[in-house]
Amino acid sequence: MATVIVDNREVELPEGVQLNCIQAAALAGVEIPHYCFHPGLSVVGSCRMCLVEIGKRDPQTGHITMFPKLQPACNTPAADGTVIVTQSEKVQQARAMVEEDLLLRHPIDCPICDKAGECRLQDYHFRYGQKERRAEILPFHSRRRDLGDVFLFVDRCVMCTRCVRFVREVAGTGELLVLARGAHEEIAVLPGYPLNNKLSGNVVDLCPVGALADKDFLYKQRVWFLRSHRSVCPHCAAGCSIWIDENQDHLWRIRPRENPHVNRWWICNDGRYGYHQVHDRRRLLGARRRTADGWEELDWAQAPLVVREALERAGRLAAVLSPFLTVEEAYLLALLVRRIDPEALLGLGPVPRMGQDERFPGGFTISAEKCPNRRGVEAVLSYFMKGRVLQFDELLGQLGPQGVRGLWITGGYKAPTPPVSHVLDQAIADRLEGLDLVIVQDLFPSPVAERAHYVLPGAAWAERDGAYVNCQDRLQSFRRAIRPPRGVLPEGWLLWQMHQRAGQFDAAAVLDEMAQQITYFAPAVYEIPEVGLDLKAGLLAATTAKTASELKG
Amino acid sequence: MMEKVLTEGICKQIEACYPKYPTREAVILPALHLIQEAIGHVPPKAVEELAHLLGVPPARVQDTLSFYGFFAQDEPVGRTRIWVCRSLSCGARGGEELLEYLCQRLGVQPGQTTPDGRITLEVAECIGACDYAPAILAGRVLWKNMTKEKIDQMLETLP
Amino acid sequence: MPTFEPVLLANVGKPDSHTLKVYEAAGGYQTLRRVLQEMAPKEVVDRIRASQLRGRGGAGFPTGLKWSFLPKDDPGPIYLCANADESEPGTFCNRVQMEHDPHQILEGIILACYATGASAAYIYLRYEYPLAYERLQQAVEECYRAGYLGRNILGSDMSLDIYIHRGAGAYICGEETGLIESIEGHRAWPRTKPPFPAVKGLFQRPTVVNNVETLACVKHILERGIEWFQSIGTPPDPSDPRDPGSFGPKVFSISGHVNRPGCVELPLGVPVRELIEQHAGGVWKGRKVKAVVPGGLSTGVLSAHELDTPLDFSGPCKAGCLGLGTGGVIVLDETYSMVDFLHNSCRFFAHESCGQCTPCREGTAWAYRIMQRIKAGRGRLVDLDLLEEIGNSIGIIPGSTICGLADGAAWPIKTTLAKFRDELEDYIRRTNPLGCRNPAPVEALPEWREHQSITGRKLLGAEATI
């Protein structure tokens, strides 16, 4: 087992990955400050903040030889016997020098800087900088430059070039450039060629200081008022891991959450800025039912009972499980409908698709499938429908006088953006003509909701608990980040109550139950790691075990 | 359709550089020289057209261009570009005074072109002619052991 | 010591010395012919290694050793870059050689390519040498016509193309990985090492970068043998096991306050005094020496007491300088102010810092601003401490930067402060007798008008604040 020695502590290196000294030290809980290094980008070693003393321990004698010069930890691979010293006077002096240098021409406009509170320049200066400012230099004004998708505060930049490397290496679009030379360098774009690509928002996260600012977030919130919640992006089937930053039930910012199996360090702009629909004014609020005189409000406290009775009266039932439901919600709904009508039809809701998958040179992919959980819902459907996944159109075809009389449609689709209508459009609504019972559970008004007998406003993803399965069969659980607005009862909560289960909706308990019942979800019997769980691997193991037992039998 | 900055002739010359390098990016620098030579500067439009020709992002070309002190961008340089060396060997033998003198004579600051478009004055860091210090590079001609009198002489001979 | 016979500059001064005809008449390309017939590439590498030839570009790295770092059995292509981006203030050795004897350099390049297996060579030539460009280009064309370049050179298996790549006014392109980046069409930001160019260099391929004078020496070693080469110069210091010695001839360029500035070829180890008095006609106007830059601005300065320093790879180091550098000797007379010297030096390095590493980008610019203030009569004595601290902390030797440019910036600061601090203090006391702190701080960046006009910053238009 390879070990490195970080500040006199031995740490074992994981096998099969090549770590540099910054990463190896992090394993030992030692922070080596750095600006330009990022694990997702090429190593340039230019900020010089990560300078440390490096040595080598002789495996035979145990004798340690130190390199005479400071070395950049980012470009030094951690190998067996590597010695890293991060606290020596030499290292501290070097850090203090870099910090002093970086503040020579910095406007130090922290009070009005968006990055304040999560700025490396601030944090490192606090920890490693000098007390006194020795330069008699007039600071710049803080110039702001519009780069296209983001703003650049020119004079706050520390020239780490992370953003430039990102657009060249990961996005492959290469809009950003370094202008001039030496102390005159600035980040810029060529006029007429603004920063404009689907991954551009990542440069703001990458910026270690307040130079690059998100136009969406700028001057909206002080970051220390934000709380971050782990979540999963619902905007396409890739299911990127994200952080939701909220303050008092209002989402302000979505950031990528590192997940080596899914999105690595990035998310696309659709996911980053798509959160606005959570606070869209057009959202459905308040449960209601149709009477002879029109709509009548339905008290959420009575809704479980009323809706259940309506279902029981309706006769042959069908339910449409939307690919926006969590697996737990899909399971509870399918279970409920089947309890009331054991012959009930279960089908998959419309799966929104747009164009082709978009692949970027750095490996990042935006899926053409614009929903988070088709795979998960299909697995639930397959369980209840004996291996069959009824598509939405097929299910609609079975409506009619002889067939289904009562239908529960779940949604969660995007708000209509004229001229594009809601996915549950007029044509679908027309086909529901003549049904005795139509229940619509959705985020936004739609022609289908207009046609319904019951409209039950549903929750946005940030308001739900549960799990999604992405297009790679990776199951990721998340907890709600904010409370839903008044007048909304999350799908899971309603279904939980309709099942007359005790207490509050408990997604983990439902998933546990599913893991017992459904082979596909069997691996979820254990705790779900933050990076999610690969169900495909579990499925493979289960199939192998089955085959083995069959062979034995 | 706006007229192209890179004429067919320039493009041909640029394309002639392709066999020298395994990548198109490497042609950027020789191409910039060809453009600077032909039209006296490399305006943003030329950057775009070059990038298009080479199949690289325009920002890449601009990035490279702006690093080197050589390429003019805002306006074409004068008929002759005068580089006055002010590094140590020349500076110690009067290079800085010559620069001041030239600024006065021409009425321009370093980096500027005379209003008649004749001369662009530039300062240079060591032009490697320390044996002839103070030296001035006027276009392709090296003027050696300069004095104020010789500057007057030089200015007369320039087109 | 036997009388010294110059070889590197032997053809300089002959009429039409730059033509193939004259070069061949003096026995040119005979060595190439012989080596191609008689020696295997590995033998050439071994011979250069055994000769202990050290790079003439500034760092003095053993050339044969550098070649031997190339991966064995590489399927190719391998590249050779001939560094002719001579931009070090006070240095013009390569210019003289390229203008007067380009074929000598080309022969050296072809031989080096034979030894290393390189299939293409790029000569990185600075733009400020139009005559050298013209002559090199002519020489390359002559070589193609004469069969010294192209496919199956002189009937052998060897094929080689030489391309001349012109720089555009950036000192940093003389750093080997900066040079590589520049050929690749990027800004010349030196690469962090490892990987070294021998493993992953130009176009991600194994690459050797050698100075053109080094390559010329290769030719002469193969022509005249190791004994000849090692009979010239300074043998290794027996008390220092790591000193490989300083063998061979070296072209020195002498400029500044001397009567006869110019290039002269001498054995390594020639004392500074001899160089000034016997080969440069002494200090001008009958004055005395105040300071001497021994090998290009970045090496720092020698004081008048250190004129017996031998100019070999270790001599200037012992006198506190960075090293032999490029062999560009600049003499400063007793009337020249060291404030002006340091101001000039700091301006140069601030202007030429590539801006990649923080300590160099900010440190060189800061040092320049301090020197501007001192020169303008607003300096304080504490500024000298600050300068010294900058000088001690930036560079590849303390490890705070990727390349050696910052060392070049640091050494003039350090050596001036070590040897001429009194003069600087006097100046400050004289110009700012009360030691007043400057009431108006200096602008964040000095006005570099020349930069304003060229970088296209105007194009970006007016900018909003906040």
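Given the pairs B:4/B:45; A:69/C:66; C:42/C:66, which are separated by over 18 angstrom at their Cα positions?
Numbers: B:4/B:45 8 Å; A:69/C:66 22 Å; C:42/C:66 13 Å.
Correct reply: A:69/C:66.
So, counting K/R as plus one and D/E as minus one, what does the shell of residues with Cβ under 13 Å around residue C:164 add up to? Spell out each step's value before the answer.
Numbers: positive: B:20, C:126, C:135, C:166; negative: C:85, C:134, C:141, C:161.
So the surrounding residues net to 0.
Which three semi-axes in whole Å describe the equivalent ellipsoid of chain C, each the square root of 5 times a Cα gyration tensor eigenvalue, listed largest first? Kindly include the intermediate steps, with their values, before the conclusion.
Values: eigenvalues 308, 140, 78 Å².
Taking √(5λ) for each eigenvalue gives 39, 26, 20 Å, largest first.
Suppose R0 equals 22 Å. What FRET efficiency, 1/(1 + (r/R0)^6) with r the Cβ-Cβ distance, do residue B:100 and residue C:376 give to the nearest 0.05?
Efficiency at R0 = 22 Å is approximately 0.85.
Straight-line reach from residue A:115: which lysines have a Cα under 23 Å away, not including same-chain ones fewer than 8 places off?
A:131, A:198, A:215, A:220
Residue farthest toward the positive end of the dipole of chain C, with Cβ of Lys/Arg at +1 and Asp/Glu at -1: which of C:300, C:52, C:363?
My answer, from the dipole projection, is C:363.
Compare the Cα positions of B:129, B:82, B:111 along the charge dipole of chain B (+1 at Cβ of Lys, Arg; -1 at Cβ of Asp, Glu; about the Cα centre) and return the one farthest towards the positive end.
Comparing the listed Cα positions along the dipole, B:129 ranks first.
In whole Å, what is the distance between the alpha-carbon centres of the range B:78-92 and the range A:163-201?
34
Give me the three principal axis extents of the range C:254-407 from the C-alpha atoms, as integers in angstrom, largest value leading.
Taking the Cα atoms of the range C:254-407, the three principal extents are 43, 34, 23 Å.
Can you list, largest first and rounded to whole Å, the semi-axes you get for the range C:20-231 by taking the square root of 5 times each eigenvalue of its Cα gyration tensor? Don't skip to the end; give the middle numbers.
Numbers: eigenvalues 109, 82, 58 Å².
Semi-axes, largest first: 23, 20, 17 Å.
With viscosity set to 1.567 mPa s at 4 °C, what whole-number translational diffusion coefficient in µm²/s follows for chain A from Stokes-Einstein and a Kirkwood radius over Cα pairs? List each step's numbers first, then the result.
Working: Rh = 26.4 Å.
In µm²/s, the coefficient is 49.
Let's test this: bin the Cα-Cα distances of the range B:8-67 at 10 Å from zero up to the farthest pair and state each bin's percent.
That works out to 24, 64, 12, in percent per bin.
Find the centroid of the Cα atoms in the range A:1-63 and in the range A:209-288, then give the distance between the two in whole Å.
About 32 Å separates the Cα centre of the range A:1-63 from the one of the range A:209-288.
Placing unit charges on C-beta atoms (Lys and Arg positive, Asp and Glu negative, everything else neutral), compute the dipole magnitude of the range C:20-231 about its Cα centre in debye, rounded to 20. Mind showing how you got there, number by number?
Details: 23 positive and 25 negative charges, 72 e Å.
With only Lys, Arg, Asp and Glu charged at Cβ, the dipole is about 340 debye.
On full extension of the chain, what length is gained from residue A:357 through residue A:388, given 0.36 nm per residue of separation minus the C-alpha to C-alpha distance? Can you show the working numbers first?
Details: separation 31, 0.36 × 31 = 11.16 nm, distance 2.61 nm.
Contour length minus Cα-Cα distance gives 8.5 nm.
Hey, what do the phi angles of the range B:148-153 turn into as Karplus ³J(HN,Hα) couplings, whole Hz, using 6.51/-1.76/1.60 and θ = phi - 60°, x for Gly and Pro?
4, 4, 5, 5, 4, 4
Along the charge dipole of the protein assembly as shown, pointing to its positive end and built from +1/-1 on Cβ of Lys, Arg, Asp and Glu, which listed residue (A:421, B:69, A:217) has its Cα farthest out?
It is A:421.
Once fully extended, how much extra length lies between residue A:295 and residue A:279, figured as 0.36 nm per residue of separation less the alpha-carbon to alpha-carbon distance? Before the final figure, lay out each step's value.
On the way: separation 16, 0.36 × 16 = 5.76 nm, distance 2.42 nm.
Stretched fully, the residue A:295-residue A:279 segment lengthens by 3.3 nm.
Mind checking the log10 I(q)/I(0) for the range A:134-279 at q = 0.11, 0.17 Å⁻¹? Debye, one equal scatterer per Cα, no solvent, two decimals.
Normalising to I(0) and taking log10 leaves -0.45, -0.99.
Return, in residue-number order, each cysteine of chain B whose C-beta is not under 4.7 Å from any other cysteine's C-beta.
B:11, B:17, B:103, B:126, B:130
Pull up the cross-link candidates among the lysines for residue C:14, meaning alpha carbon to alpha carbon under 29 Å and not fewer than 8 places away within one chain.
B:144, B:150, C:219, C:250
Take the alpha-carbon positions of the range C:339-428, form their convex hull, and give its projected area averaged over all directions (one quarter of the hull surface) in nm². Walk me through the intermediate numbers first.
Numbers: hull surface 19.1 nm².
Average projection, Cα convex hull of the range C:339-428: 4.8 nm².
Taking every pair of alpha-carbon atoms in chain B, what share in percent sits in each 10 Å bin, from 0 to the bin with the longest distance?
Final binned percentages: 10, 35, 28, 20, 6, 0.
Can you list the aspartates and glutamates whose alpha carbon is less than 12 Å from that of residue B:20, not counting same-chain residues fewer than 8 positions off?
Filter leaves C:161, C:184.
Find out how many positive minus negative residues lie around residue C:185, taking Lys and Arg as positive, Asp and Glu as negative, among other residues whose Cβ is under 14 Å from that of residue C:185. Walk me through the numbers on the way to the answer.
On the way: positive: A:168, B:20, B:24, B:60, C:166, C:187; negative: B:25, B:63, C:181, C:184.
It works out to a net charge of +2.
How high is the FRET efficiency from residue A:228 to residue B:38, r the C-beta distance, R0 41 Å, rounded to 0.05? Walk me through the numbers on the way to the answer.
Numbers: r = 56 Å, r/R0 = 1.36.
Once rounded, the FRET efficiency stands at 0.15.
Can you bin the range A:106-213 into rounded, prolate or oblate? Criterion: square roots of the alpha carbon gyration tensor eigenvalues sorted a ≥ b ≥ c, rounded for a/c under 1.5, prolate for a/b above b/c, oblate for the rest. Spell out each step's value before the answer.
Numbers: a/c = 2.05, a/b = 1.67, b/c = 1.23.
Prolate, because a/c is 1.5 or more and a/b exceeds b/c.
Project the alpha carbons of the range C:246-333 onto their principal axes and report the range along each, largest first, in whole Å.
34, 24, 19
Given N residues in the range A:296-373, what is Rg(Cα) / (2.2 N^0.38 Å)?
Values: Rg = 17.8 Å, N = 78, 2.2 N^0.38 = 11.5 Å.
Scaled against compact globular proteins, the figure is 1.54.
If you take the beta carbon distance between residue A:309 and residue A:249 as r and set R0 to 45 Å, what does 1/(1 + (r/R0)^6) give as a FRET efficiency, to the nearest 0.05?
Values: r = 33 Å, r/R0 = 0.73.
E between residue A:309 and residue A:249, to the nearest 0.05, is 0.85.
For labels at residue C:146 and residue B:144 in the simple 7 Å Cα→Cβ model, what's the distance in nm?
Rounded to a tenth, the inter-label distance reads 2.6 nm.
Give me the extension gain from residue C:423 to residue C:14: residue separation times 0.36 nm, minus the current Cα-Cα distance, reported in nm with one decimal.
Working: separation 409, 0.36 × 409 = 147.24 nm, distance 4.60 nm.
Length gained, residue C:423 through residue C:14: 142.6 nm.
With charges only on Cβ, +1 for K and R and -1 for D and E, what is the dipole size of the protein assembly as shown about its Cα centre, in debye, rounded to 20? Could the numbers behind the result be given before it?
Values: 130 positive and 141 negative charges, 136 e Å.
Value, rounded to 20: 660 debye.
With a point put 7 Å past each Cα toward its Cβ, work out how far residue A:500 is from residue B:3 in nm, to one decimal.
8.8
What whole-number volume per residue, in cubic angstrom, does the convex hull of the C-alpha atoms of the protein assembly as shown give? Display every interim value, and only then the final one.
Values: hull volume 267.4 nm³, N = 1178.
So the per-residue hull volume is 227 Å³.
How big is D, in µm² s⁻¹, for the range A:3-87 by Stokes-Einstein at 37 °C and 0.692 mPa s if Rh is the Kirkwood radius over C-alpha pairs? Walk me through the numbers before you get to the answer.
Numbers: Rh = 12.8 Å.
For the chosen part, D equals 256 µm²/s.
With label points built 7 Å along Cα→Cβ from the Cα atoms of residue A:516 and residue C:26, find their separation and express it in nm.
9.6
Please report how many Lys pairs in the range A:288-547 have alpha carbons closer than 27 angstrom, counting only residues at least 8 apart along the chain or sitting on separate chains. All intermediate terms of the calculation are to be shown ahead of the outcome.
Numbers: A:370/A:386; A:370/A:414; A:370/A:536; A:386/A:536; A:386/A:546; A:536/A:546.
The number of close lysine pairs in the range A:288-547 is 6.
No lab work stands behind these numbers, since they all come straight from the coordinates. On a predicted model such as this, the values are computed, not experimentally measured, just so you know. Every residue, glycine among them, receives a Cβ derived from its backbone with ideal geometry; neighbour counts consider all protein chains shown.
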